Amino acid sequence: MKIVIQAVIGLGLVASAAQAHAVLERRQASPGSTYRGVVQIMHGCDGKPTTKVSVSIPEGLFGAKPMPKPGWTLATTRGAYAKTYTTHHGTASEGVTASTWSGGSLPDDEVDEFTFLAQVADTFEPGATVYVPVQQDCTEGGYSWSDIPKPGQDAHELKAAAPAFRIVQVAQAAPAKAAPIKAGDLTIETPWLRATPNGAKVAGGYVRITNTGSAPDVLTGATVPFAKSGDIHSMSMEGGIMKMAPVSGGLTIKPGETVELKPGGFHLMFEDLTGAPKAGETVAGTLTFQRAGTVPVTFSVAPIGASAPGGPHQHQH
Ligand SMILES: [Cu+2]
């Protein structure tokens, strides 16, 4: 009997030693995206509360910004990157390389999160693992969650594995941005649709229209082969509920104005669907204007629920 009890206790010790106290909540990011690094501290040190958490930002994550936490003092370390990264607004060759939250007290039986945002270099290969070492200090003792597996080694064998996430490729939502279409005084850019599940009754369409002329024009409707009708809808919050309504008389685009139809705002509403657009396809359709007439456009199809035509890789400016 005694032997059995000892064996059970022994197993318990092994299990707790292999259990990481510091983990990243988000396990995936795609090259070129913004990663939200949420370091979760799951336990203290041998029952003692955590008083300091230091996160190292590895090479390849640039433009890092830590999030302050009430009750904790935030300090950052800046340094040069090994490489220079291209951003939307220039290049980045240095930045935050570590951030430390200290002065708080996180009891052993509570959990908390320490967050940073960083750009993921677009040079990462899908399948790569990015390790984010974390130093955890308590009122007594501490842990250095910084072990990185050698090639062929299983991360589970490590005593104090560094929190990590994987680089994954996002399904390329849409083909390369099509050239803007000119129709009289109008410039029509990035017509796109959201893919719909089979059996869906409606599909949303989006587009950006600029009026470079001196007279207003009005978008009155749209067509695609798989829908019996295409109208303009508005979306607005009413008493905390999102409501859609047809825009009577169409959507006016004043001289010099750019109107963007986008998720959560004005949109094309295709109804009575006879087919379902699939992500990655293109769909030939038309937009109808009072002055510019009927303009052929090609809608690209983004995944179900996408908020932008190019998926998370594309930034809206
Ligand atoms: Cu609608």
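The values are calculated or read from the model by the stated rules, or taken from the named source; none is laboratory data. Computed from a prediction, not measured in an experiment: that's the story for all the values here. We place every Cβ from the backbone using ideal geometry, glycine too, and count neighbours over all the protein chains shown.
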So, in the range 1-55, exactly how many residues are under 13 Å from TRP145 (Cα atoms) and either assigned to a helix (DSSP H, G or I) or modelled with pLDDT under 90 (or both)? 5
Evaluation of THR97 against (1) farther than 20 Å from ASP147 by Cα; (2) modelled with pLDDT of 95 or more (one fails), failing number: (1)
Among the residues of the range 88-106, count how many are over 23 Å from the mean Cα position of the chain (by Cα) and either surrounded by fewer than 18 Cβ atoms within 10 Å (Cβ to Cβ) or in contact (Cβ under 8 Å) with a residue 60 or more places away in the chain (or both). 7
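Yes or no, residue by residue, for (1) in the same structural domain as PRO216 (by TED's automatic domain parsing); (2) at positive phi; (3) of a type in the set (S, T, N, Q):
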{"site": "SER99", "(1), (2), (3)": "no, no, yes"}
{"site": "ASP108", "(1), (2), (3)": "no, no, no"}
{"site": "GLY141", "(1), (2), (3)": "no, yes, no"}
{"site": "ILE148", "(1), (2), (3)": "no, no, no"}
{"site": "THR187", "(1), (2), (3)": "yes, no, yes"}
Among the residues that make up the range 237-249, is at least one of them within 17 Å of PRO309 (Cα to Cα) and within 15 Å of the ligand (Cβ to nearest atom)? no
Being outside any loop (DSSP other than H, G, I, E, B) and surrounded by fewer than 17 Cβ atoms within 10 Å (Cβ to Cβ) is the filter; apply it to the range 260-272 and report the residue that is farthest from the ligand (Cβ to nearest atom). GLU260
Give me the pairs, please: first residue somewhere in the range 156-170 and surrounded by 16 or more Cβ atoms within 10 Å (Cβ to Cβ), second residue anywhere and among the acidic types (Asp, Glu) and in a strand (DSSP E or B), beta-carbon distance under 9 Å, and either six or more positions apart or on two chains. LEU158/ASP147; ALA160/ASP147; ALA161/ASP147; ALA162/ASP147
Note on ALA227: of the conditions (1) crowded, with 17+ Cβ neighbours inside 10 Å; (2) closer than 20 Å to ILE188 by Cα, unmet is (2)
Of the residues that make up the range 183-194, is at least one free of Cβ contacts under 8 Å to residues at least 24 places away in the same chain and either within 16 Å of the ligand (Cβ to nearest atom) or in contact with a strand residue (DSSP E or B) (Cβ under 8 Å, 6 or more places away or on another chain) (or both)? yes
If you check GLY275, GLY305, GLY310, which single one turns out to be at pLDDT below 85, more than 16 Å from the ligand (Cβ to nearest atom) and either surrounded by fewer than 16 Cβ atoms within 10 Å (Cβ to Cβ) or within 18 Å of PRO191 (Cα to Cα) (or both)? GLY310
